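The values are calculated or read from the model by the stated rules, or taken from the named source; none is laboratory data. In this text the structure is predicted, and so the values were computed from the model without any measurement. Here the Cβ positions follow ideal geometry from the backbone for every residue, glycine too, while neighbour counts run over all protein chains shown. Heads up: the accessible areas ignore ligands, DNA and RNA and are worked out on the full protein's heavy atoms, side chains in. Shrake-Rupley method; radii C 1.70, N 1.55, O 1.52, S 1.80 Å.
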Amino acid sequence: MISATQHSEIKIDSNSSIPKYIQVANGLAEEILSGKIEKGHRLPSINELSKAKSISRDTAEKAYKELRDRNLVFSVMGVGNFVTTEDEKSKNILFLINKPCTYKMEVYDSFVTTMGNDVHVDMHLYYNDEQLFIEVMKKNIHNYNYFVIMPHFRNAAEGHVNYTPNVISFIENIPKEKLVILDNSCEEITGDFTAVYQDFKSDIFNALKEGIKKLKKYKKIIFVHPEKAAFPAPGSLVDGFLAFCNAYNFEYEITEKIYDGLEFKTKEAYITIEDHDLVNLIQQIKEKKLKIGKDVGVISYNETPLKALLDITVMSTDFKAMGQKAGDLILSKKQEISKNPFRYIERTSL
């Protein structure tokens, strides 16, 4: 192990777009988390680090501040910087979310609350983009105790995909004891790890089955599935919807979005995923002076406080439970794969 006064073998790339202080912090973090630098040992002083790595004192000071922010290092006034000794307080977690939205943040907030104040959680958005995801992971692969990933990606040909081959290859290199998969399929990843997932196909099938009595009021069910949007919806939702309609002999239609100028020719029930489609649908129903829940049925996917306020029937996973379960599994150091609870909440819109 590297002693308190030895300098580590950190290499600085002057041509890299990554700031030098981050490169230094990343190098030290890798050696701390791997055990090369012993817990509790004093790190080189700012002057020592500056001289050894030919960097400014300001760069060295910022590197140590970055490590303190990650809870890997603590400072003693007038003495120096030391590697954190308490394992539970040195937990650093990278939380990767595919898109910014209310329900994804509900998972994150629940997770952070469950983990408590002694754990540092960094959130990164990768916008369903394979390259952005991989870039974030490359920069941070050695800097965190856990990687919590919501895997949803965009493919030009297919729309939504759970993973791409490059993403799978990269995730497989993460030590499995550090990996937590949330929200989506985990079957593509090998080994023993932690996961709290949705089964989109069976969840939507069972939710619609719960609402079958009300759905029978309508002659047709229209599923609004944005397959090739910026954030495409999982194709397995369509599979579950089709399985339900075929099993119970419902007439159906699948459309990409709610278009302007809807005709509402028969009593129809609409299932929307995106909030902008839900808003457009409600506006057009009101413009036609039709009644929601009588002339036109409305079901929305993913619960939000606004949908509850508007009395919209929803089918939704329990996002709070997902974040809490993930946190509990990490705190208890359990590697377990668990299906997240899914709910059908019937309101007056159906």
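As an exercise: evaluate GLY35 against (1) under 22 Å from LYS139 (Cα atoms); (2) open to solvent by 30 Å² or more (accessible area, probe 1.4 Å); (3) free of Cβ contacts under 8 Å to residues at least 40 places away in the same chain and give the number of the one condition it does not meet. (2) is the only condition that GLY35 fails. Is it fair to say SER45 is surrounded by fewer than 21 Cβ atoms within 10 Å (Cβ to Cβ) and either β-branched (Val, Ile, Thr) or at pLDDT 90 or above (or both)? Considered against the rule, which asks whether it is surrounded by fewer than 21 Cβ atoms within 10 Å (Cβ to Cβ) and either β-branched (Val, Ile, Thr) or at pLDDT 90 or above (or both), SER45 comes out as yes.
Residue pairs whose Cβ atoms lie under 8 Å apart, separated by 6 or more positions or on different chains, with the first residue in the range 282-297 and within 19 Å of VAL314 (Cβ to Cβ) and the second of a type in the set (Phe, Trp, Tyr) and open to solvent by less than 100 Å² (accessible area, probe 1.4 Å), are ILE285/PHE264; VAL296/PHE264; VAL296/TYR270; GLY297/TYR218; GLY297/TYR270.
Regarding VAL148, is this residue within 14 Å of ILE189 (Cβ to Cβ) and touching a strand residue (DSSP E or B) at 6+ places or on another chain (Cβ under 8 Å)? Judged against the criteria, VAL148 is a match. Working only within the range 207-217, note down all residues that are of a type outside the set (Lys, Arg) and open to solvent by 80 Å² or more (accessible area, probe 1.4 Å). Selection gives GLU210 alone. Scanning the range 304-350 for residues that are among the acidic types (Asp, Glu) and either in contact with a Leu (Cβ under 7 Å, 6 or more places away or on another chain) or closer than 19 Å to ILE222 by Cα (or both) yields GLU336, GLU346. So which residues in the range 97-115 are assigned to a helix (DSSP H, G or I), surrounded by 15 or more Cβ atoms within 10 Å (Cβ to Cβ) and not aliphatic (A, V, I, L, M)? Residues satisfying the conditions are TYR103, LYS104, GLU106, TYR108, SER110, PHE111, THR114. Taking the range 162-185 as the range and being without any contact (Cβ under 8 Å) to a residue 60 or more places away in the chain and surrounded by fewer than 17 Cβ atoms within 10 Å (Cβ to Cβ) as the test, the residues that pass are PRO165, ASN166, ILE168, SER169, GLU172, ASN173, PRO175.
Scan the range 116-146 for residues that are open to solvent by less than 10 Å² (accessible area, probe 1.4 Å) and more than 11 Å from the chain's Cα centre (by Cα) and the total you get is 4. Residues that are under 30 Å from ILE22 (Cα atoms) and either open to solvent by 10 Å² or more (accessible area, probe 1.4 Å) or part of a helix (DSSP H, G or I) (or both) are absent from the range 224-235 altogether.
Scanning the range 156-200 for residues that are of a type in the set (Ser, Thr, Tyr) and over 17 Å from LYS333 (Cβ atoms) gives TYR163, THR164, SER169, SER185, THR190, TYR197.
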